[in-house]
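The values are calculated or read from the model by the stated rules, or taken from the named source; none is laboratory data. The structure presented is a predicted model; accordingly, all values stated were derived computationally and were not measured. Don't worry about glycine lacking a Cβ; one is built from the backbone with ideal geometry, like all the others, and counts go over all protein chains shown. Protein only, heavy atoms only, side chains kept; ligands, DNA and RNA dropped before computing areas. Shrake-Rupley method; radii C 1.70, N 1.55, O 1.52, S 1.80 Å.
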Amino acid sequence: MNSITRRDIALVVDDSADALSLINDTLEDADMDVLLALEGKQALTIARRIRPDIILLDAIMPNMDGFETCLALKNDSELASIPVIFMTGLTDTDSIVKGLESGGVDYLTKPITPNELLARMKVHLTNARLTNSAQSALDSTGQHLITVLENGRIQWATPQTYALFAKANASKSWQDIHFSQQVQQWLTHHPTAGHQLTLTNLAYPLKVTWVSRKSNGDQLIRLEDGLKPTGASLLKEQLELTERESEVLNWVASGKSNREIALILEMSPRTVNKHLEQIFPKLGVENRTSAAAVALKVMATH
């Protein structure tokens, strides 16, 4: 049987005691720590107290069903990244789609086959670790990055983002209400790379800049201090670049290709490359990766 590392914690949610017993034995045999819940609200309470690495969720339960439970998990920024696998006897397409749309990453039909369950869990645990590693890497760069849903609610943000929110006395309540409403309205206009929104109802000025749309539909934005130069302006000031050079470097640091930068700045890819040829010797580097590292360091320390 496939083995999964002991540090992994699985939360199994099912109103059937027999199903819980079978899955509990399977996971314990695979050296996992197992938490059990009989219904949705109990599962949410447990997850908030002991954050599991993965959740196995029965779709059909009394009071709060699996779909509603999954939506509640995904609306909690602390729990949203936990992979959820649905388990159910429902096999119709509508139910499968409903499970995936509510935030599930996979769908297993009952009766559960232990080997298949463990194999799928291993895949999703690996994917979750890769995602968390990527987010940790972003955390360490010091950038004020946020991912938001279409409704403007924050899914994830770097520690630096929350520090800037605190500087502006932007409470959790303000983030949940005012920030999400303003960002939701802004997103309906389909902002493009570099487009900014000045946030209101704050004693200290903050802005957000649109960066990109992720493959899962979440949108990546950057929070900025309204009283400090940021992005291209900061790079121009600190690195003694021309305005155009600083704009190009800013987008290089954001991971954009020459072609994408050309579209954003309305110039040819050849012109972008010429700017980079001027930027590299000014920064004392030889390639765009090293140039991006210099730019990120400047942004992180100012």
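Couple of notes before you dig in:
- Selection of the range 110-129 for residues being of a type in the set (D, E, K, R) and modelled with pLDDT of 85 or more yields E116, R120, K122.
- Checking W251 against (1) touching a residue at least 24 places away in the same chain (Cβ under 8 Å); (2) among the aromatic types (F, W, Y); (3) more than 30 Å from S180 (Cβ to Cβ), the condition it does not meet: (3)
- Candidate set from the range 96-109 (those that are over 18 Å from the mean Cα position of the chain (by Cα) and modelled with pLDDT of 80 or more); member that is surrounded by the most Cβ atoms within 10 Å (Cβ to Cβ): Y107
- Residues within the range 59-95 that are open to solvent by less than 10 Å² (accessible area, probe 1.4 Å) and out of contact with any His (no Cβ under 7 Å at 6 or more places or on another chain), tallied: 11
- The criterion of at least 1 residues that are more than 18 Å from G103 (Cα to Cα) is met, among strands (runs of 3 or more DSSP E) falling completely within the range 1-87, by 9-13, 33-37.
- Taking the criterion of being within 17 Å of the chain's Cα centre (by Cα) and touching a residue at least 40 places away in the same chain (Cβ under 8 Å), the only residue of the range 161-192 that qualifies is T161.
- Residue within the range 186-195 that is open to solvent by less than 30 Å² (accessible area, probe 1.4 Å), in a helix (DSSP H, G or I), out of contact with any strand residue (DSSP E or B) (no Cβ under 6 Å at 6 or more places or on another chain) and more than 26 Å from K172 (Cβ to Cβ) present: no
- Scanning the range 243-299 for residues that are open to solvent by less than 20 Å² (accessible area, probe 1.4 Å) and of a type outside the set (A, V, I, L, M, F, W, C), we see that the one that is nearest to K214 (Cα to Cα) is N250.
- Flag for L235 being open to solvent by less than 40 Å² (accessible area, probe 1.4 Å), in a helix (DSSP H, G or I) and farther than 30 Å from L71 by Cβ: yes
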